[in-house]
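Okay, structure first, notes after.
The values are calculated or read from the model by the stated rules, or taken from the named source; none is laboratory data. These numbers were taken from a predicted model, which means no experiment stands behind them. As a convention, Cβ positions derive from the backbone with ideal geometry for all residues, glycine included, and neighbour counts pool all protein chains shown.
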Amino acid sequence: VTRCSQFARIDYGTLVHAALSRETDSVHISVYLFNVTNADRFASGEDSKLRVQEIGPFTYQENRTNEDMEIDREAGVMRYTPRHKVTFLPEESVASPHDVIVTMPNIALLSMASAASDYGYFAKVGFNLLADRLRSNATVTMSAHDYLWGYDEPLIRLGNQYLPGWINFKTLGLLDRIVLYCIRNKIVFQLYDKNATHRIEISTRDEKKFMIRSVNGAKGLKQWGYPETKIPSRHHTSIFGISLIKLLFLFRSQCNTFTNAYEGLGYPPEMTPKRPVKIYRNVLCRFLELDYVGTKTMEYGGKGLEYKVSNKSYSLIPENKCLCPKGTCLEGVSDLAPCLYGLPVVLSNAHFLDADPSVYERVEGMNPSEELHGSEFIIEPIIGLVLTTRFSVQLNVLVSDVTFNSNIQRYSNMPVPIAYFKIVQPKLPADQITSVRLMHVYGPYLLIALQFILVSSSVFLISHPLRLIYWNWVTSRRKTIESDVLNVKDVPTTEPLIEGYEKT
C-alpha cells in the first residue's frame with residue numbers, strides 16, 4: 001500500500017504534477033431550467049400552486065487548467081490558480097439553448113422586492129412605482145441561452161445607474177453573473193470569468209494530501225463569519241473574562257473553515273471511512289459535507305469508498321449555525337445572501353430532495369428522486385484517486401412577504417425554484433484507468449506470479465545444493481563400501497588353533 005501511495009506523491013516531475021499541469025476535462029455541468037407554465041393564472045389567483053416544467057439538460061464541458069503552480073516542499077503545500085473554460089455539448093443536451101424559449105421567474109424583481117420588504121412604507125411605495133414604470137413582471141420570457149448567459153433587465157440597469165455602490169452590474173444571467181465577485185460591471189460566476197483570481201493552497205503531505213489549506217490566503221469563508229483577525233500570543237486582552245483568542249475560535253466552526261475540505265481533485269492515500277470529507281467549490285459559496293455509505297465494486301477493478309452529500313448539509317443544526325447569520329433560515333435550503341449582496345437566493349438539493357414536502361407545497365412539478373437527483377462520490381482508497389463524482393444543486397429565490405406589490409404578492413413566503421445544476425465527472429483518462437487496473441486487476445495476478453517465481457527460484461536454489469550434497473554423500477558412501485569389500489578379500493585365512501579339530 002505504501003509503495004502504491006507513492007504514485008500519488010505531489011512533487012515536481014511526478015505523475016500527479018503532470019496530471020495537474022495539463023488541461024483536463026474536469027466536469028460536465030448540465031443545467032435544467034424550471035419553466036413556469038401558469039404564470040398568469042397563478043398571479044391572478046386562479047391557480048393555488050405555481051406550476052413549473054423542467055427543461056433540459058443544457059450541458060457544458062468544463063476544461064480546467066492550473067496556472068502558476070508551485071510546490072513548497074518545506075511547508076508541505078502546493079499553490080495554483082485554477083482557470084476554466086466551457087464548451088457547449090449538443091450531444092448531451094436536449095437542444096440548443098438559442099432555440100428554446102422559456103418563461104422563467106424574474107430573479108431581479110422577486111429578490112429586490114424581498115429585500116425591500118424590510119424597509120418602511122415609503123420605500124415600498126417607491127419600489128412599486130419604479131417596478132411599474134419599468135413594467136417589470138414576475139416572470140420573463142426569452143431564450144434559454146439569454147437567461148443562462150445574460151439578459152438586459154431594466155431593474156438591474158436602473159439600479160446600476162443610480163445605486164452603483166450596491167448594484168454594480170448591468171446584466172443578469174445564471175452562468176456568468178451569479179456568485180461571489182463583481183468584475184467588469186457584472187456579478188461574476190467565478191468558474192467562467194477570466195479575471196476572477198483564486199489562489200488555492202493545498203497540502204502535499206500524505207495524511208492531509210489535497211486538503212485545502214487556504215483560498216486567497218484565507219483559511220475559512222469570510223462570508224460565513226470566519227474571523228481572520230490575528231492576536232499576538234503576548235496579548236491577553238479579554239472581554240467579560242473571555243480571552244479574545246478563545247472568542248475568535250467561537251466563530252470558527254465546521255461550516256466556515258477549510259478543515260477536511262477538498263476540491264475533489266484527489267484525496268489522501270490509504271483513505272478510510274473514518275476520515276471526514278467535505279467538498280468545496282467557489283461557486284457554491286459553502287461546503288457540502290459527505291457521508292460514507294459503503295463500498296462499491298468498480299468496472300476498473302477493486303472496490304471504492306462510496307459517499308453521498310449528507311442530509312445535514314441543508315439542515316438547521318448547530319454545526320450549520322454559521323450558515324444562518326440572521327436566524328431566519330428555512331429547513332432544507334441554504335442561504336446564499338451573504339455571497340449575493342444580501343439578495344434572498346438560496347441553495348438546495350435538486351427538486352428539494354430530502355427536504356420536507358411542506359417547503360415546496362405551493363410549487364407543482366417538483367419530483368425529487370434519489371436516482372435522478374441524488375449524489376455519488378467514489379474514491380479509490382489506496383492512492384486517493386477520484387473515480388466518480390456526481391451531485392446536483394438547485395438555485396431558488398426565497399421570497400419573503402411581498403404583499404405590498406400586487407404583481408407578485410402571490411409569491412409571498414415561498415421558495416421559487418429557478419434551475420438546478422448536475423455536476424458529473426467524465427470518464428477517467430486512459431493513464432489513470434491503467435493505474436487502477438494495474439493495482440486491482442493485473443497487480444494481484446502479477447504479484448501471485450512473482451511470488452510463484454520467487455518460491456520456485458528459492459526451492460531450486462535450496463534443492464540444488466542439497467541434491468549435490470546428497471549425491472556427493474551417496475557417491476562417497478558407495479566408494480567406502482566398495483573399499484571395505486576389497487579389504488575383506490585381502491584378509492589371509494586363519495589356521496585352526498587346535499590341531500585335528502577339523503577332523504573331529
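Taking region 339-393 as the range and being assigned to a strand (DSSP E or B) and either more than 16 Å from the chain's Cα centre (by Cα) or of a type in the set (A, V, I, L, M, F, W, C) (or both) as the test, the residues that pass are Val345, Val346, Leu347, Val363, Glu364, Phe377, Ile378, Ile379, Val386, Leu387, Phe391, Val393.
Being crowded, with 20+ Cβ neighbours inside 10 Å, more than 22 Å from Gly45 (Cα to Cα) and β-branched (Val, Ile, Thr) is the requirement here; does Val397 meet it? The answer is no for Val397.
Taking the criterion of being in a loop (DSSP other than H, G, I, E, B) and in contact (Cβ under 8 Å) with a residue 12 or more places away in the chain, the residues of region 119-140 that qualify are Leu134, Arg135, Ser136, Asn137, Ala138.
Does region 152-159 contain any residue that is at pLDDT 90 or above and either in a helix (DSSP H, G or I) or basic (Lys, Arg) (or both)? Scanning region 152-159 turns up no residue that is at pLDDT 90 or above and either in a helix (DSSP H, G or I) or basic (Lys, Arg) (or both).
Residues checked against (1) at pLDDT below 60; (2) closer than 19 Å to Ala261 by Cβ; (3) surrounded by fewer than 16 Cβ atoms within 10 Å (Cβ to Cβ):
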site	(1), (2), (3)
Gly165	yes, no, yes
Phe189	yes, no, no
Asp193	yes, no, no
Met211	no, yes, no
Gly225	no, yes, no
Lys230	yes, no, yes
Ser233	yes, no, yes
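Restricting Ser111, Ser143 to those that are at pLDDT 80 or above, within 16 Å of Phe404 (Cα to Cα) and polar (S, T, N, Q) reduces the list to Ser111.
This table checks each residue for (1) surrounded by 14 or more Cβ atoms within 10 Å (Cβ to Cβ); (2) under 30 Å from Asn216 (Cβ atoms); (3) out of contact with any strand residue (DSSP E or B) (no Cβ under 6 Å at 6 or more places or on another chain).
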residue	(1), (2), (3)
Val27	yes, yes, no
Leu50	yes, no, no
Ile55	yes, no, no
Thr65	yes, yes, no
Glu74	no, yes, yes
Pro82	yes, yes, no
Val100	yes, no, yes
Gly120	no, no, yes
Leu129	no, no, yes
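Please verify whether region 341-360 includes one or more residues that are surrounded by fewer than 18 Cβ atoms within 10 Å (Cβ to Cβ) and in contact with a helix residue (DSSP H, G or I) (Cβ under 7 Å, 6 or more places away or on another chain). Yes, the conditions are met somewhere in region 341-360.
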